[in-house]
Amino acid sequence: MVLQRLLPWSTCWTIFGSAEAALWGLKSIKRSCLNFCTAICEGVTYKELKNLLKSKKIMLIDVREPWEIYESGKIPGSVNIPLDDVGEALQMNPKDFKENYKEVKPSKSDSLVFSCLAGVRSKVAMVTAISLGFNNAQHYAGGWKEWATYELSEKKQGN
């Protein structure tokens, strides 16, 4: 078996060699999977996220637990969908999504950005979304920690 996991928390696998793949009844997908995994490793920066939020062309999904948001705050405009619920939420019918999250359910062509505390869970959520066909999914690698630091710094500079 010649399988290599590229990200410790992702669902993306690379299959090396067509002979090994054939043994498993699979096609060799080395090139396409590498392109896929390269794309999903990219995250948005603080400034990019700020601009995306101003444009209102994204849905920002905070995948932390509700108690974490209650204790420390959240990025304005974000929707809270805990990581364990992301897969199910993105597969809900639009009526149930609206009822549960008070937002219009994103379509598979909509731009999504996932955030968490420090970029680990948001990457998992992004991989989940991409695996469900949400090809315009990204994550904010800096997370709430970076956001709060930049926001505090900007407020201090403004005073």
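Taking the conditions exactly as written (in a helix (DSSP H, G or I) and under 18 Å from TYR140 (Cα atoms)), does GLU68 satisfy them or not? Answer is yes for this residue. Number of residues in region 97-131 that are among the hydroxyl-bearing types (Ser, Thr, Tyr) and in a strand (DSSP E or B) equals 2. For region 83-96, a residue qualifies if it is out of contact with any Ser or Thr (no Cβ under 6 Å at 6 or more places or on another chain), surrounded by 15 or more Cβ atoms within 10 Å (Cβ to Cβ) and either part of a loop (DSSP other than H, G, I, E, B) or not small (Gly, Ala, Ser) (or both), and the qualifying residues are LEU83, ASP85, LEU90, MET92. Of everything in region 20-66 that is of a type in the set (Val, Ile, Thr) and at pLDDT below 50, the residue that is nearest to SER131 (Cα to Cα) is ILE40. Pairs meeting the criteria (first residue in region 55-68 and within 18 Å of VAL113 (Cβ to Cβ), second residue charged (D, E, K, R), beta carbons under 6 Å, at least 6 apart or on different chains) are ASP62/LYS74; VAL63/ARG121. Looking only at residues in region 118-133 that are closer than 22 Å to LYS56 by Cα and modelled with pLDDT of 95 or more, the one that is farthest from the chain's Cα centre (by Cα) is GLY133. Using the structure shown, decide if GLU99 is over 15 Å from LEU60 (Cα atoms), surrounded by fewer than 19 Cβ atoms within 10 Å (Cβ to Cβ) and not hydrophobic (A, V, I, L, M, F, W, C). Considered against the rule, which asks whether it is over 15 Å from LEU60 (Cα atoms), surrounded by fewer than 19 Cβ atoms within 10 Å (Cβ to Cβ) and not hydrophobic (A, V, I, L, M, F, W, C), GLU99 comes out as yes.
The values are calculated or read from the model by the stated rules, or taken from the named source; none is laboratory data. Quick caveat: nothing in here was measured; it's all calculated off a predicted structure. Note that we place each Cβ from the backbone using ideal geometry, even for glycine, and neighbour counts take in every protein chain shown.
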